[in-house]
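Quick note: the coordinates plus some simple rules give every number you see, no bench work behind them. All values derive from a computational prediction rather than experimental measurement. Neighbour counts are summed over all protein chains in view; Cβ atoms, including those assigned to glycine, are modelled from backbone coordinates with ideal geometry.
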Amino acid sequence: MPKKTEKKPPKNSYNCDRCPSYCCSYPRICVTKRDIKRLAKHFGLSLEVAAERFTKKGHEKGEVILRHQLDEHFGTACRFLHAEKRHCTIYEARPAICRDFPGTRRCGYYDFLSFERRALEDPDYISITNNT
Ligand code: SF4
Ligand code: SF4
């Protein structure tokens, strides 16, 4: 039980379960060696095979990013995003950057999505935007 003086952590104003995972469509989802090690362990692969299969070089020097696949909503999205169910297929082994995002109480895409759903009176509407 929290001490009386402890403040409750602020509640997030977004709900990833109600979102088509826009953040998984960002072109630059950067990974570290530690992330690749975790992926390799998850799939029972060597570090080299996991790196080749799941990642590629980014535009910035030394940058390594997750590979993408085609995506019906956002053009392309992370290869680990489930195309229909819209959830991460490697949740327990996802990279650190995915664990930390968005890093604030609000998510810009979720605000936009909520606005459009209210305006269109359609709770399942998916706001289309393309990151490619
Ligand atoms: S875009 Fe925002 S609400 Fe949607 S899955 Fe990512 S963090 Fe969650
Ligand atoms: S690893 Fe999972 S959480 Fe991270 S971008 Fe890919 S699908 Fe999204």
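Details
- Subset of region 94-132 (residues that are surrounded by 14 or more Cβ atoms within 10 Å (Cβ to Cβ), under 18 Å from ARG28 (Cβ atoms) and either over 15 Å from the mean Cα position of the chain (by Cα) or not hydroxyl-bearing (Ser, Thr, Tyr) (or both)): ARG94, PRO95, ILE97, CYS98, PHE101, PRO102, CYS107, ASN131
- Top-ranked residue in region 76-132 [being aliphatic (A, V, I, L, M) and not in a helix (DSSP H, G or I); ranked as farthest from ligand 2 (Cβ to nearest atom)]: ILE128
Yes/no per residue for (1) part of a helix (DSSP H, G or I); (2) in contact with a strand residue (DSSP E or B) (Cβ under 7 Å, 6 or more places away or on another chain); (3) within 11 Å of ligand 2 (Cβ to nearest atom):
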{"residue": "ILE36", "(1), (2), (3)": "yes, yes, no"}
{"residue": "LEU45", "(1), (2), (3)": "no, no, no"}
{"residue": "GLU48", "(1), (2), (3)": "yes, no, no"}
{"residue": "ALA51", "(1), (2), (3)": "yes, no, no"}
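- Here ARG94 meets each of (1) in contact (Cβ under 8 Å) with a residue 60 or more places away in the chain; (2) on the phi < 0 side of the Ramachandran plot; (3) charged (D, E, K, R) with one exception, condition (1).
Yes/no matrix, rows are residues, columns are (1) surrounded by 10 or more Cβ atoms within 10 Å (Cβ to Cβ); (2) over 25 Å from LEU113 (Cβ atoms); (3) hydroxyl-bearing (Ser, Thr, Tyr):
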site: ASN15; (1), (2), (3): yes, no, no
site: THR32; (1), (2), (3): yes, yes, yes
site: ARG38; (1), (2), (3): yes, yes, no
site: GLN69; (1), (2), (3): yes, no, no
site: CYS78; (1), (2), (3): yes, no, no
site: HIS82; (1), (2), (3): yes, no, no
site: GLU92; (1), (2), (3): no, yes, no
